Amino acid sequence: MTSPPPGITKFVNGYLLRNGELVSGDLWISSETGRIISPQSAFYSHLRADRTVDLEGRILAPGFIDVQINGSYNFDFSTPDAEFASKLASTTKQMIKSGLTSFVPTVISTRPDSYHAVLPHLGPSGKDRDASKGCESLGAHIEGPFLSPLRNGIHNPEVLLEAHSWADIEDCYGASNLPNVRYITAAPERGEMMSLIPEFVSRGIVFSVGHSDATFEQAQSAVAAGASMVTHLFNAMRPFGHRDPGIFGLLGQSAPSTPVATPKHSRPASTSNSPRGSPSSSRRSTPRSSLSISTSMSDLEAEARLVQPFFGLIADGIHLSAQTLKIAYSAHPEGAILVTDAQKLAGCPDGAYEWRGEDRFIKQGKLLKLESNGRIAGSVVDLIDCVNHFRRSTGCGAAKALECVTSTPAKMLGEKSKGKLDVGMDADLVVLDEGPDGELSVHQVWKFGVQVA
């Protein structure tokens, strides 16, 4: 339940997630503006905190951002419904309790009339900055129908299409609905999609390569055209080959002048004057690294082909092995984004559920599969589950794992007010407990400076 706005809140005696490290410090927020405010400005303006929250050594992180989620609490973002708007509003109030303060609702492959019905409801929802609405939509993710029938996953092959012109895109989604779209997943090798990538980018729509049988060369061409994301890496794409690494090969790119990544290490934050309950992850976090990529190449197109894209990972313990997660993260840590790819049965009891009248979902704990063929059908986990599994699998530490659900997805989307604890950013926050084994759990959730869970 949303608490009454306290005005100004000050968080003390905790660890803040900043620049890939957990550092001790205070944080000031305002429920009037819904943003993080400067302690210095508060001091010189003679402002006093209306409420002080003693974190008691807990972690304070930006609110989580899930850029691929298909539904939750038995509500499917892809299925038209006479009560779609009211069910969506109810669902977002439930979703935020898990620490998910922002999301990109995913609409999978379907027929044009379904896109026309649901997309008007799935655009950005935070304009009025109302914390009582729960989890904020940042715009829709359209996953299909311009996918490869060879890599369709659970997408209905009968509705898959090829695009040969921008008119095909507008006919499918509805021209008036495109402003509500934040990013699209498509197979660049199908039809004339490769030539349409620049048009998506020019309209502010991120192009993500996914459900694709693209070769490495085709994937490079997509990146050169403007693609900047890979949807659920390894799943529903051409397997890695030692001569043709496929889409995964994009993570190993670097300019010819720097064929090997050059690590740039930063010292861990000082533990002096640390608050009680110092999280062990702040000691275990691996140093940050970045790739030194030459910008002196004369051929801009060739250089564009060597850009490393962002990439989604379904770290639910089912879709990808621990070793696979570690390999991907080691190849390009700055691009890793954890996603749930959660279906509508997330938050529901185990059992068999109808799915679009075509098949049935079987939910067994964290496993979700189609009854007809046993194929994995997305996940039913929360992002905090992915963070914990990813941390265990890669050994990256809590701070680095949390970046994969905060600052990195915000950067991929081009969000300027989400994902960091900097002054002026939205006060979307998660307070986390850390157990003796390093497992994180959600203690509090704040949206626009107001405690909502």
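Residues are listed down the side, and each one gets a yes or a no for (1) at pLDDT 90 or above; (2) closer than 30 Å to residue 155 by Cα; (3) not aliphatic (A, V, I, L, M):
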{"residue": "224", "(1), (2), (3)": "yes, yes, no"}
{"residue": "238", "(1), (2), (3)": "yes, yes, yes"}
{"residue": "255", "(1), (2), (3)": "no, no, no"}
{"residue": "286", "(1), (2), (3)": "no, no, yes"}
{"residue": "319", "(1), (2), (3)": "yes, yes, yes"}
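A residue that is of a type in the set (Phe, Trp, Tyr) and assigned to a strand (DSSP E or B) can be found somewhere in the range 12-25. For the range 145-164, the count of residues that are within 30 Å of residue 61 (Cα to Cα) and surrounded by 24 or more Cβ atoms within 10 Å (Cβ to Cβ) is zero.
Matching residues to (1) among the aromatic types (Phe, Trp, Tyr); (2) more than 18 Å from residue 355 (Cα to Cα); (3) surrounded by fewer than 20 Cβ atoms within 10 Å (Cβ to Cβ):
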| residue | (1), (2), (3) |
| --- | --- |
| 31 | no, yes, no |
| 39 | no, yes, yes |
| 82 | no, no, yes |
| 87 | no, no, yes |
| 98 | no, yes, no |
| 111 | no, no, yes |
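Scan the range 213-240 for residues that are assigned to a loop (DSSP other than H, G, I, E, B) and closer than 15 Å to residue 151 by Cβ and jot them down. Answer for the range 213-240, where residues must be assigned to a loop (DSSP other than H, G, I, E, B) and closer than 15 Å to residue 151 by Cβ: 213, 214, 215, 231, 232, 233, 234, 235, 236, 238, 239, 240. Given the structure, is residue 145 part of a loop (DSSP other than H, G, I, E, B), under 20 Å from the mean Cα position of the chain (by Cα) and modelled with pLDDT of 95 or more? So residue 145 does not fit the description; no.
Out of 379, 441, 372, one residue alone is closer than 30 Å to residue 7 by Cα and hydroxyl-bearing (Ser, Thr, Tyr). It is 441.
Note on the range 217-248: among residues that are among the aromatic types (Phe, Trp, Tyr) and crowded, with 18+ Cβ neighbours inside 10 Å, the one that is farthest from residue 325 (Cα to Cα) is 248.
For the condition part of a loop (DSSP other than H, G, I, E, B), aliphatic (A, V, I, L, M) and farther than 26 Å from residue 240 by Cβ, residue 346 qualifies. Looking only at residues of the range 423-453 that are under 21 Å from residue 32 (Cα atoms) and among the polar types (S, T, N, Q), we find that the one that is surrounded by the most Cβ atoms within 10 Å (Cβ to Cβ) is 451.
Applying the criterion of being charged (D, E, K, R) and assigned to a helix (DSSP H, G or I) to the residues of the range 68-118, the residue that is farthest from residue 417 (Cα to Cα) is 113.
Scanning the range 386-395 for residues that are assigned to a loop (DSSP other than H, G, I, E, B), within 20 Å of residue 433 (Cα to Cα) and of a type in the set (A, V, I, L, M) turns up nothing.
Could you tell me whether residue 143 is of a type in the set (Asp, Glu), in contact (Cβ under 8 Å) with a residue 12 or more places away in the chain and under 30 Å from residue 369 (Cβ atoms)? Yes. Please work out which residue is farthest from residue 453 (Cα to Cα), limiting yourself to the range 53-94 and to residues that are under 21 Å from the mean Cα position of the chain (by Cα) and among the hydroxyl-bearing types (Ser, Thr, Tyr). Checking each candidate, the answer is 78. Checked against the criterion of being among the hydroxyl-bearing types (Ser, Thr, Tyr), within 25 Å of residue 209 (Cβ to Cβ) and under 15 Å from the mean Cα position of the chain (by Cα), the candidates 106, 101, 110 yield just one match: 106. Annotation for the range 41-52: no member residue is β-branched (Val, Ile, Thr), outside the structural domain of residue 386 (by TED's automatic domain parsing) and under 16 Å from residue 448 (Cα atoms).
Is it the case that some residue within the range 405-422 is outside any strand (DSSP E or B), more than 19 Å from the chain's Cα centre (by Cα) and surrounded by fewer than 22 Cβ atoms within 10 Å (Cβ to Cβ)? Looking for residues that are outside any strand (DSSP E or B), more than 19 Å from the chain's Cα centre (by Cα) and surrounded by fewer than 22 Cβ atoms within 10 Å (Cβ to Cβ), one finds at least one in the range 405-422, hence yes. Taken over the range 49-102, residues that are among the acidic types (Asp, Glu), at pLDDT 95 or above and over 20 Å from residue 349 (Cβ atoms) amount to 4.
Do you know which residues across the range 148-174 are free of Cβ contacts under 8 Å to residues at least 60 places away in the same chain and of a type in the set (D, E, K, R)? If the condition is that a residue be free of Cβ contacts under 8 Å to residues at least 60 places away in the same chain and of a type in the set (D, E, K, R), then 158, 162, 168, 170, 171 are the ones that fit.
The C-beta contact set for the range 220-237 (first residue of a type in the set (Val, Ile, Thr), second residue surrounded by 24 or more Cβ atoms within 10 Å (Cβ to Cβ) and part of a loop (DSSP other than H, G, I, E, B), distance under 8 angstrom, 6+ apart or interchain) comprises 230/210; 231/210; 231/211.
The values are calculated or read from the model by the stated rules, or taken from the named source; none is laboratory data. Owing to the predicted nature of the structure, the values given are computational and were not obtained by experimental measurement. Cβ coordinates were reconstructed from backbone atoms using ideal geometry, including for glycine residues, and neighbour counts include every protein chain displayed.
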